[in-house]
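Participant: Handing you a structure now.
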Amino acid sequence: MASASEPADALQRLVDSLREVLRLPYVAFHAADDTLAARSGRPVAGWRIVPAMALGNLVGNLHVGLRRAGERWSTEEQSAIEEVASRAGTLAFAAGLVAEVAHSRERIVIAREEERRRLRADLQWELDFWG
């Protein structure tokens with residue numbers, strides 16, 4: 001994850017790593033609005049959902065595919081999956097903040113361009129009027 005360039009990339013790497021390390025058939029992270037944010041492997045018939053929190057708020061769920069029906073995870077596996085869900089929640093929250101900043105920058109650029117156009121039109125009117 002350290003080489004990830006942004007939180008969304010780190011989230012994908014985290015999901016991939018969990019699936020590979022625990023040899024799971026499927027792992028996915030769904031944001032709180034149920035949009036798929038990261039996926040690794042192929043969906044299977046049975047899975048468990050582990051909530052992902054950030055700053056005390058539910059930001060999504062980690063969907064973990066079972067290797068076989070009725071599978072029970074070991075204490076270590078359960079702990080690892082819960083830790084990954086926690087980190088995924090933090091990454092999803094950070095990804096949301098990055099998206100908000102990008103959207104804000106976009107609105108600023110658009111507003112700046114509109115103001116430039118308005119000033120250009122005003123100056124042109126002044127030049128034509130006095131000109």
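The values are calculated or read from the model by the stated rules, or taken from the named source; none is laboratory data. If you're wondering where the values come from, they're calculated on a predicted model, not measured in any experiment. Cβ: placed from backbone, ideal geometry, glycine included. Neighbour counts: every protein chain shown. These area figures cover heavy atoms from the full protein model, side chains too; ligands, DNA and RNA do not enter into them. Shrake-Rupley method; radii C 1.70, N 1.55, O 1.52, S 1.80 Å.
Participant: If Ala28 passes every condition in (1) touching a residue at least 40 places away in the same chain (Cβ under 8 Å); (2) surrounded by 18 or more Cβ atoms within 10 Å (Cβ to Cβ) but one, which one does it miss?
Facilitator: Failing condition for Ala28: (1).
Participant: Kindly provide the set of residues from region 41-53 that are open to solvent by less than 80 Å² (accessible area, probe 1.4 Å), of a type outside the set (Lys, Arg) and not in a loop (DSSP other than H, G, I, E, B), ordered by number. I'd like the intermediate steps shown before the answer.
Facilitator: Start the filter on region 41-53 by keeping residues that are open to solvent by less than 80 Å² (accessible area, probe 1.4 Å), which leaves 41, 44, 46, 48, 50-52.
Then drop every residue that is not of a type outside the set (Lys, Arg), which leaves 41, 44, 46, 50-52.
Passing the criteria: Gly41, Val50, Pro51, Ala52.
Participant: What pairs come up if the first residue lies in region 54-76 and is closer than 15 Å to Ala28 by Cα and open to solvent by less than 70 Å² (accessible area, probe 1.4 Å), the second is charged (D, E, K, R) and in a loop (DSSP other than H, G, I, E, B), and their beta carbons are under 9 Å apart, counting only those six or more places apart or on different chains?
Facilitator: Here the result reads Gly60/Asp33; Gly60/Asp34; Asn61/Asp34; Gly65/Arg42, each pair linking region 54-76 to a residue that is charged (D, E, K, R) and in a loop (DSSP other than H, G, I, E, B).
Participant: Out of Arg72, Arg68, Arg107, Arg118, report the one residue that is more than 26 Å from Asp9 (Cα to Cα) and modelled with pLDDT of 95 or more. If you could, list the steps in order and put the result at the bottom.
Facilitator: Values: Arg72 fails: modelled with pLDDT of 95 or more; Arg68 fails: modelled with pLDDT of 95 or more; Arg107 fails: more than 26 Å from Asp9 (Cα to Cα).
After ruling out the rest, the residue left standing is Arg118.
Participant: Related question: Which condition number in (1) of a type in the set (D, E, K, R); (2) touching a residue at least 40 places away in the same chain (Cβ under 8 Å); (3) under 21 Å from Asp9 (Cβ atoms) is the one that Arg23 fails?
Facilitator: (3)
Participant: Closer than 12 Å to Pro7 by Cβ and either touching a residue at least 12 places away in the same chain (Cβ under 8 Å) or of a type in the set (Val, Ile, Thr) (or both): which single residue out of Val50, Val101 fits that description? Write out each step before concluding.
Facilitator: On the way: Val50 fails: closer than 12 Å to Pro7 by Cβ.
The unique qualifying residue is Val101.
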